[in-house]
Amino acid sequence: FAGTFVALSVMTVISCGIGRAFHFLDNSGLMDALPKGLSELPIDDVAAVILLTSFGITSLRDGLAMEGEKAREKTGDAAMDGMVLD
């Protein structure tokens, strides 16, 4: 329990720090160096969309790969059940 609590606490602090850094970039003059169309985009929202989309795609790929492995395991188990051992 303690390890989970510490891990979630650390992740919360890290995500707050990243959020503050992105807001600092938005409010500072650093974004003015980009072309006008890009400098008006909220960089924290764009980063969140990119990260969540990539995480979602990765999760879907992993889930589909696991389903294929489970089907192969069940087929193998069924074949083993049908065998008669001496």
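Tell me, please, whether a residue that is open to solvent by less than 100 Å² (accessible area, probe 1.4 Å), modelled with pLDDT of 70 or more, part of a helix (DSSP H, G or I) and touching a helix residue (DSSP H, G or I) at 6+ places or on another chain (Cβ under 7 Å) can be found in region 10-20. So far as region 10-20 goes, yes, one or more of its residues are open to solvent by less than 100 Å² (accessible area, probe 1.4 Å), modelled with pLDDT of 70 or more, part of a helix (DSSP H, G or I) and touching a helix residue (DSSP H, G or I) at 6+ places or on another chain (Cβ under 7 Å). Pairs are defined by a Cβ separation below 6 Å, a sequence spacing of at least 6 or placement on different chains, a first member in region 41-66 that is on the phi > 0 side of the Ramachandran plot, and a second member that is modelled with pLDDT under 85; no pair meets this definition. Within region 1-36, work out how many residues are closer than 13 Å to Ala47 by Cβ and among the β-branched types (Val, Ile, Thr). Looking only at that region, the number is 1. The lone criterion from (1) under 30 Å from Ser15 (Cβ atoms); (2) at pLDDT 70 or above left unmet by Glu67 is number (1).
The values are calculated or read from the model by the stated rules, or taken from the named source; none is laboratory data. Just so it is clear, the model here is predicted, and its values are computed rather than measured. When we count neighbours, we look across all protein chains shown, and the Cβ atoms used for this are built from the backbone with ideal geometry, even at glycine. We work out accessible area using only protein heavy atoms, side chains counted, and drop any ligands, DNA or RNA first. Shrake-Rupley method; radii C 1.70, N 1.55, O 1.52, S 1.80 Å.
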